[in-house]
Amino acid sequence: MAYIDPHIHMVSRTTDDYRRMALAGCVAITEPAFWAGYDRSSPQGFFDYFRLLTEYEPQRAAQFGIRHHTWLCINPKEAEDPVFAREVIELIPEFLEKPNVLGIGEIGLNKNSRNELEILEAHIDLAAKSGQMILVHTPHLEDKLKGTKLIMDAIESDGRVDPGRVLIDHVEEHTVRPVLDRGFWAGMTLYPDTKCTPQRAADIIEMHGTERLWINSAGDWGPSDPLAVPKCQQELRRRGHSQETIDTISFNNPSRFLGQSDRFSAEPLVPTA
Amino acid sequence: MSDSHDNCPIDSAEVIRKYFLEHRAKIIDIAAFLDRVDRADGDGASDYRIQAMREAIRIAGDLQPERARRILELLSDPSVEPIEQAPMKGAMGAHDPESDEGG
Ligand SMILES: [Zn+2]
């Protein structure tokens, strides 16, 4: 059965990963702009990165019949210098015209600092003014609970972006309920050491249902697994869940949320290679 | 507990059959890790992360629901205001009560 991995950083992955994902049933991905593991020394570094996300990476994905979409921003780990961050944000509008851009992301908080919050608010403003959807990164480990609340407060107090057009990613057992209760979409990230394992994601589905919930691998340059979504499908099968539940969480839900942008497609694509 | 929409289709005996060995290994890993901290030089036992882990183990062993959620809350920064400046990019995995800056 076809699946969508709605959060994966393919710039950090190999062409072999694309091949293996396609073999496992991946038909579409979305790739949010993120921290590359080092701080970029100039806004020009981001300009090049945005070109990579909007021009080069879609072609690499298409070789394997995978549709590539992206989200643009300066991530919270590089937002502690607000002057620098605002220069990067100024580069974004011209890229919003590119055909694979779905919105602003992954924005959010990292250490829950005042500067990060200021830049988050600037991104929310850009999304509101340009009618874009938002993909949110929530902080790691001990910072997640507080940061998730601060992020939801910031979006709600801005008031211009419908929560139904915002996905809050990396939820776990302590954040999934508040996110869904406030009308946002929620993403579970399947990581080997942090965030959710496939087993815990299946537990969360059992406890909270499948409404407005999706799974993703968030595969990147760290310990992560580009095949995490099919492994979670397998975990759900192992427990006797229906094919309908599996399709809802790994294909239909991402299609519904992402389909709010007419640039999203999970239609079959003939591999170009 | 929140509404249950689609509970685990297999019964508890089947859950135990499928998952017991995997989690048996994990609990022995945790015990061996705590032994290792004790055997090593230094005052590891008073480290806030080890203290938090002991409390987490207590929660894991209680008879109340939603242990995973409660452990994650225990390990979370309880403050609500943004901090003045990010001290680093990473996170430690447990909240350090000594680090409270009134934020
Ligand atoms: Zn990410």
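So which residues in the stretch A:122-150 are crowded, with 21+ Cβ neighbours inside 10 Å, in a helix (DSSP H, G or I) and within 16 Å of the ligand (Cβ to nearest atom)?
Across the stretch A:122-150, the qualifying residues are A:HIS123, A:ASP143, A:LYS144, A:GLY147, A:THR148.
Would it be correct to say that A:ILE119 is within 16 Å of the ligand (Cβ to nearest atom), crowded, with 24+ Cβ neighbours inside 10 Å and touching a residue at least 12 places away in the same chain (Cβ under 8 Å)? Steps first, answer last, please.
Details: within 16 Å of the ligand (Cβ to nearest atom): no; crowded, with 24+ Cβ neighbours inside 10 Å: yes; touching a residue at least 12 places away in the same chain (Cβ under 8 Å): yes.
Criteria not met by A:ILE119.
Collect the residues in the stretch B:39-53 that are free of Cβ contacts under 8 Å to residues at least 12 places away in the same chain and surrounded by 11 or more Cβ atoms within 10 Å (Cβ to Cβ), keeping them in residue-number order. Show your work before the answer.
Step one: of the stretch B:39-53, the residues free of Cβ contacts under 8 Å to residues at least 12 places away in the same chain are B:39-47, B:51.
Within the stretch B:39-53, B:GLY44, B:ALA45, B:ASP47, B:GLN51 meet the criteria.
Tell me, please, whether a residue that is under 22 Å from A:ARG13 (Cβ atoms) and in a helix (DSSP H, G or I) can be found in the stretch A:253-267.
Just the residues of the stretch A:253-267 that are under 22 Å from A:ARG13 (Cβ atoms), to begin with: A:254, A:258, A:264-266.
Now narrow it down to the ones that are in a helix (DSSP H, G or I): A:254, A:258.
Among the residues of the stretch A:253-267, at least one is under 22 Å from A:ARG13 (Cβ atoms) and in a helix (DSSP H, G or I), which makes the answer yes.
Of (1) touching a residue at least 40 places away in the same chain (Cβ under 8 Å); (2) over 28 Å from A:ARG13 (Cα atoms); (3) not aliphatic (A, V, I, L, M), A:SER242 satisfies all except one. Which?
If we test A:SER242 against (1) touching a residue at least 40 places away in the same chain (Cβ under 8 Å); (2) over 28 Å from A:ARG13 (Cα atoms); (3) not aliphatic (A, V, I, L, M), just (1) comes out false.
Checking the structure you have, find out if any residue of the stretch A:91-105 is within 14 Å of chain B (Cβ to nearest Cβ) and within 27 Å of A:ARG60 (Cβ to Cβ).
Taking the stretch A:91-105 and keeping what is within 14 Å of chain B (Cβ to nearest Cβ), we get none.
Scanning the stretch A:91-105 turns up no residue that is within 14 Å of chain B (Cβ to nearest Cβ) and within 27 Å of A:ARG60 (Cβ to Cβ).
Here's the yes/no breakdown for (1) among the acidic types (Asp, Glu); (2) within 14 Å of the ligand (Cβ to nearest atom):
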{"position": "A:TYR191", "(1), (2)": "no, yes"}
{"position": "A:ASP203", "(1), (2)": "yes, no"}
{"position": "A:LEU213", "(1), (2)": "no, no"}
{"position": "A:SER224", "(1), (2)": "no, yes"}
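For residues that are outside any helix (DSSP H, G or I) and either within 14 Å of chain B (Cβ to nearest Cβ) or modelled with pLDDT under 95 (or both), tally how many sit in the stretch A:161-181. Walk me through how you get there before you give the answer.
Restricting attention to the stretch A:161-181, the residues satisfying the condition of being outside any helix (DSSP H, G or I) are A:161-162, A:166-175.
Applying the additional criterion that residues be either within 14 Å of chain B (Cβ to nearest Cβ) or modelled with pLDDT under 95 (or both) yields A:170-175.
Residues meeting the conditions: 6.
Which of the residues belonging to the stretch A:130-150 are in contact with a Lys or Arg (Cβ under 6 Å, 6 or more places away or on another chain) and touching a residue at least 40 places away in the same chain (Cβ under 8 Å)?
A:MET133, the sole residue that qualifies.
Which of the residues belonging to the stretch A:198-223 are touching a strand residue (DSSP E or B) at 6+ places or on another chain (Cβ under 9 Å), within 13 Å of another protein chain (Cβ to nearest Cβ) and buried (at least 18 other Cβ atoms within 10 Å of the Cβ)?
A:PRO198, A:ALA201, A:ILE204, A:ILE205, A:HIS208, A:ARG212, A:LEU213
So is A:ASP153 touching a residue at least 24 places away in the same chain (Cβ under 8 Å) and either of a type outside the set (Gly, Ala, Ser) or under 16 Å from B:ARG69 (Cα atoms) (or both) or not?
Values: touching a residue at least 24 places away in the same chain (Cβ under 8 Å): no; either of a type outside the set (Gly, Ala, Ser) or under 16 Å from B:ARG69 (Cα atoms) (or both): yes.
The answer is no for A:ASP153.
Restricting to the stretch A:172-181, give me the number of residues that are farther than 17 Å from A:ALA202 by Cα and surrounded by 17 or more Cβ atoms within 10 Å (Cβ to Cβ). Show your work before the answer.
Taking the stretch A:172-181 and keeping what is farther than 17 Å from A:ALA202 by Cα, we get A:178-179, A:181.
From what's left, surrounded by 17 or more Cβ atoms within 10 Å (Cβ to Cβ): A:179.
Residues flagged as farther than 17 Å from A:ALA202 by Cα and surrounded by 17 or more Cβ atoms within 10 Å (Cβ to Cβ) within the stretch A:172-181 amount to 1.
Residue-by-condition table, conditions (1) more than 7 Å from every other protein chain (Cβ to nearest Cβ); (2) polar (S, T, N, Q); (3) over 24 Å from A:ILE204 (Cα atoms):
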position: B:SER46; (1), (2), (3): yes, yes, yes
position: B:ARG58; (1), (2), (3): yes, no, no
position: B:ILE71; (1), (2), (3): yes, no, no
position: B:ASP77; (1), (2), (3): no, no, no
position: B:GLU84; (1), (2), (3): no, no, yes
position: B:GLU98; (1), (2), (3): yes, no, yes
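Quick check on A:VAL171: is it more than 14 Å from the chain's Cα centre (by Cα) and in contact (Cβ under 8 Å) with a residue 12 or more places away in the chain? If you could, list the steps in order and put the result at the bottom.
Details: more than 14 Å from the chain's Cα centre (by Cα): no; in contact (Cβ under 8 Å) with a residue 12 or more places away in the chain: yes.
Taking the combined requirement at face value, the residue does not satisfy it.
The values are calculated or read from the model by the stated rules, or taken from the named source; none is laboratory data. Everything numeric in this text was worked out from a predicted model, so none of it was measured. Backbone-built Cβ (ideal geometry, glycine too); neighbour counts: all protein chains shown.
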